[in-house]
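Single-structure report; data block below.
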Amino acid sequence: MTGFPLQRPRRRRRTAALRRLAREHALAPDDLIAPLFVVHGSGVAREVPSMPGVFQLSVDAMLDREVDRLRALGIGAVILFGIPARKDEIGSENFAPDGIVQRALRRLRERHPDLLLVTDVCCCEYTSHGHCGVVKDGAVDNDATLELLGRVAKSHAAAGADVVAPSGMMDGMVRAIRTALDGAGYRDCAILSYAVKYASAFYGPFREAAESAPAFGDRRQYQMDPANLREALLEAALDEAEGADFLMVKPALAYLDVVRAVRERTALPLVAYNVSGEYAMVKAAARQGWLDERRVVLEALIGMRRAGADAIITYHAADAAAWLAEGGVG
Ligand code: PBG
């Protein structure tokens, strides 16, 4: 390398065609997974106040319309979150055959045989106390929760889920779910583990969307400390050993170093979750005219791909797919 003036990196940036040729990373609708919140009732499309453009949808034409729109934009995967009719101590609707997620799965499976259906497997939306498992003596009991998670996963698989995504950060959850699925003959149902999930304030708007805020305390006894990186590698390795098919790091933007570190240590596909608070910040600033939403969103998403994420769960999925169709990330 002789440096300047022989080397002029700007030569490669002069035109859009040159920049495309030199571009190292790509973003496509195929890389995106769109979250959907399903609720009981009919004709419901209730916008989440802190997440403009995100709706709680009833499992009828409301859900159909949204999914048709996503598919037309080239989105091939969705992740479902359910808001139950009733909450109780153990979150019984979570594994009920006619639970809201199970109903949504059956409808989507029938209407879209080739759409990838992922489900969030957790207790917090379903329990009266809002914690991610069975509460005993004021704390979440890890091992008692594992049995419940197995039942939920089987019930989702039975209703048509391709992938179950446990998000409760229980130790041994991947193994318990794999054992339960295999025991019931659902060997092909894959597990996307929220392997590396931090106790994050960026989940605030989601808890409004999913009506899942904890009634007491917080989630720091099971979700990870934001100050930790080595622990992320340990969590990822454990879930891989337990049989996870895909790993996830969550949130994304404040944790891109974690995405990169996990990427370098596993051969499994890696998913980043661009969470609700990340979405809400962009939406709020864009509404004020303080940010160019399109450019900021595509920049953040390509940053996640650059960090090493194969796929991204994002509330911007539909918008991003539409912008990509218009002109790509550049
Ligand atoms: C359920 C769950 C949460 C999210 C995904 N699954 C909330 C939480 O852990 O409190 C957050 C998603 C988001 O903020 O977009 N455990």
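The values are calculated or read from the model by the stated rules, or taken from the named source; none is laboratory data. Treat the numbers as computed from the prediction; the structure is a model and nothing was measured. Please note: Cβ atoms are built from the backbone with ideal geometry, for glycine as well, and neighbour counts cover all protein chains shown. The protein model used for the area step is the full one, side chains on, heavy atoms only, and it has no ligands, DNA or RNA in it. Shrake-Rupley method; radii C 1.70, N 1.55, O 1.52, S 1.80 Å.
The C-beta contact set for segment 163-184 (first residue at positive phi and of a type outside the set (S, T, N, Q), second residue open to solvent by 10 Å² or more (accessible area, probe 1.4 Å) and assigned to a strand (DSSP E or B), distance under 6 angstrom, 6+ apart or interchain) comprises Met169/Lys197. If you go through segment 134-156 one residue at a time, do you hit one that is touching a His at 6+ places or on another chain (Cβ under 7 Å), within 14 Å of the ligand (Cβ to nearest atom) and open to solvent by less than 10 Å² (accessible area, probe 1.4 Å)? No: zero hits.
Of the residues making up segment 18-31, not a single one is within 16 Å of the ligand (Cβ to nearest atom) and either farther than 17 Å from Leu117 by Cβ or surrounded by fewer than 18 Cβ atoms within 10 Å (Cβ to Cβ) (or both). Of the residues making up segment 213-256, not one is away from the ligand (no atom under 15 Å from the Cβ), open to solvent by less than 70 Å² (accessible area, probe 1.4 Å) and among the basic types (Lys, Arg). Mind listing just one residue for me: the one in segment 192-212 that is open to solvent by 40 Å² or more (accessible area, probe 1.4 Å) and more than 21 Å from Ala45 (Cα to Cα) and, of those, nearest to the ligand (Cβ to nearest atom)? Out of the qualifying residues, it is Phe202. Residues in segment 271-296 that are within 15 Å of the ligand (Cβ to nearest atom), out of contact with any Lys or Arg (no Cβ under 7 Å at 6 or more places or on another chain) and either open to solvent by less than 30 Å² (accessible area, probe 1.4 Å) or in contact (Cβ under 8 Å) with a residue 24 or more places away in the chain (or both): 10 in all. Pairs please, first residue from segment 134-155 and in contact (Cβ under 8 Å) with a residue 24 or more places away in the chain and over 14 Å from Met169 (Cβ atoms), second anywhere and open to solvent by 40 Å² or more (accessible area, probe 1.4 Å) and part of a helix (DSSP H, G or I), Cβ atoms under 8 Å, 6+ apart in sequence or on different chains. What qualifies is Gly150/Thr179. Does segment 75-83 include one or more residues that are more than 19 Å from the chain's Cα centre (by Cα) and not basic (Lys, Arg)? No, segment 75-83 contains no residue that is more than 19 Å from the chain's Cα centre (by Cα) and not basic (Lys, Arg).
Quick check: is even one residue across segment 12-20 touching a strand residue (DSSP E or B) at 6+ places or on another chain (Cβ under 8 Å) and touching a residue at least 60 places away in the same chain (Cβ under 8 Å)? No, that holds for no residue. Scanning segment 96-123 for residues that are open to solvent by less than 10 Å² (accessible area, probe 1.4 Å) and of a type outside the set (Val, Ile, Thr) yields Gly99, Gln102, Ala104, Leu105, Leu108, Leu115, Leu117, Cys122, Cys123.
Checking the structure you have, find out if any residue of segment 40-57 is surrounded by fewer than 16 Cβ atoms within 10 Å (Cβ to Cβ), among the small types (Gly, Ala, Ser) and assigned to a helix (DSSP H, G or I). Within segment 40-57, none of the residues are surrounded by fewer than 16 Cβ atoms within 10 Å (Cβ to Cβ), among the small types (Gly, Ala, Ser) and assigned to a helix (DSSP H, G or I). Among the residues of segment 160-184, just one is open to solvent by 50 Å² or more (accessible area, probe 1.4 Å) and either at pLDDT below 95 or of a type in the set (Gly, Ala, Ser) (or both), namely Gly183.
Any chance you could count how many residues in segment 2-31 are part of a loop (DSSP other than H, G, I, E, B) and closer than 30 Å to Ile75 by Cβ? The total comes to 6.
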